[in-house]
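Everything below concerns the one structure shown next.
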Amino acid sequence: MKKLSSIFFILIGLLLIASMPVLAEEAVQGQPAATAVTTAVPVAPAVAAVPTAAPEKSVVQQALDTVKNLQVGIDTTWVLITAFLVFFMNLGFGMVESGLCRAKNTVNILAKNFIVFAIASAAFWVIGWGLMFGNGNPFVGLEGLLFASGADNSPAIGDAYKGVYAAINWTGVPMWAKFFFQLVFAGTAATVVSGAVAERIKFVSFIVFSFFLVGILYPVTGHWIWGGGFLASLGMFDFAGSTVVHSVGGWAALAGVLMLGARYGKYRADGSVRPIFGHNMSTATLGAFVLWFGWFGFNPGSTMGVGDGSAIAHIAVTTNPAAAMAILSSTVVSWLI
């Protein structure tokens, strides 16, 4: 009996196993058929025509531009270095003046030499540069007057220059390099006066005078020659400022001396001269060497460009013998008198 029941259950199991594929097929057939999905492929919009880029510069043109920029950089460096040398001359003036004057006036003299360039910087920037180099008439500049703010496209030169400072478009350096070089020249003109009126002018009076000199007098007379004024049209040429800087400074100093008179104690009661000796010859001598050194910026730097270097070398060699002969001649005269 047990065997029969076992055989029965085995047969039932085999029947179930045999029927499973049929049931699975019916289940699949009973499901809804999958619908085909079609996806629309977007059509790319028409692309607008892209303009072709400008043709690149040729290798030769790029090389020429590089050389031009390098030349501007070299000339600018030269102009600024020589301007720094001229600025350094302020130390020389201060040492010479203080050393050759009495000790009690040293502080006043050094203070005047210290502040004179500050006053010159302000005056020349505010109004002096425009009066001197601005386009105008034969007597004064009228364009780009205040704060050196006129139109300018330096370092362009000649016909390529489009600005209001055409009188100084002969040098291919940036405008601010031109400005700084001319500024130290203007400051020198005021410093010349400082030595002439040493020990005889009030500090505040000297400040006012220096501003008026650098802001008005020096630029106006400078315009006559360097600014394309009437003296330039007559053919006057001043390379490094023997007239524009030193003559103007000298005449201003003479006017100051005539107005102020002699130093206190210079003359005795009977009218005879009482010598006033300097108090520090070491300071005066060192100051003279500083000035000698500064002249190698003043004169060669007036080329405002390097070029092939021959002009710079010639000017330097001319400057040095001039100083040397001045020392030798003054030594001989001191022996004879």
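The residues of region 188-208 that are closer than 17 Å to T243 by Cβ and of a type in the set (G, A, S), listed by number, are A189, A190. If the condition is being among the polar types (S, T, N, Q) and farther than 16 Å from D75 by Cβ, then region 154-195 contributes T188, T191, S194.
Yes or no, residue by residue, for (1) modelled with pLDDT under 95; (2) touching a Gly at 6+ places or on another chain (Cβ under 8 Å); (3) within 20 Å of L258 (Cα to Cα); (4) crowded, with 23+ Cβ neighbours inside 10 Å:
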position	(1), (2), (3), (4)
V192	yes, yes, yes, no
G195	yes, no, yes, no
R200	yes, yes, yes, no
F211	no, no, yes, no
G215	no, yes, no, no
Y218	no, yes, yes, yes
G222	no, no, no, yes
I225	no, no, no, no
G229	no, no, no, yes
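Scanning region 59-92 for residues that are surrounded by fewer than 21 Cβ atoms within 10 Å (Cβ to Cβ) and of a type in the set (G, A, S), we see that the one that is nearest to A284 (Cα to Cα) is G73. Would you confirm, using the coordinates I've provided, whether I207 is more than 23 Å from F139 (Cβ to Cβ) and either surrounded by fewer than 22 Cβ atoms within 10 Å (Cβ to Cβ) or at pLDDT below 95 (or both)? Criteria met by I207. If the condition is being of a type outside the set (D, E), assigned to a helix (DSSP H, G or I) and farther than 27 Å from I115 by Cβ, then region 137-188 contributes G158, A160, A166, A167, I168.
How do the helices (runs of 4 or more DSSP H) wholly within region 219-337 filter down when requiring 3 or more residues that are without any contact (Cβ under 8 Å) to a residue 60 or more places away in the chain and at positive phi: which remain?
none
Within region 135-162, the residues that satisfy the criterion of being touching a helix residue (DSSP H, G or I) at 6+ places or on another chain (Cβ under 8 Å) and among the small types (G, A, S) are G136, G141, G144, A148, G150, S154. The residues on offer are I119, I115, and the sole one that is buried (at least 17 other Cβ atoms within 10 Å of the Cβ), touching a residue at least 40 places away in the same chain (Cβ under 8 Å) and farther than 17 Å from V220 by Cα is I119.
The values are calculated or read from the model by the stated rules, or taken from the named source; none is laboratory data. Note that this is a predicted model, so its numbers are computed, not measured. Positions of Cβ are backbone-derived with ideal geometry, glycine not excepted, and every protein chain shown enters the neighbour counts.
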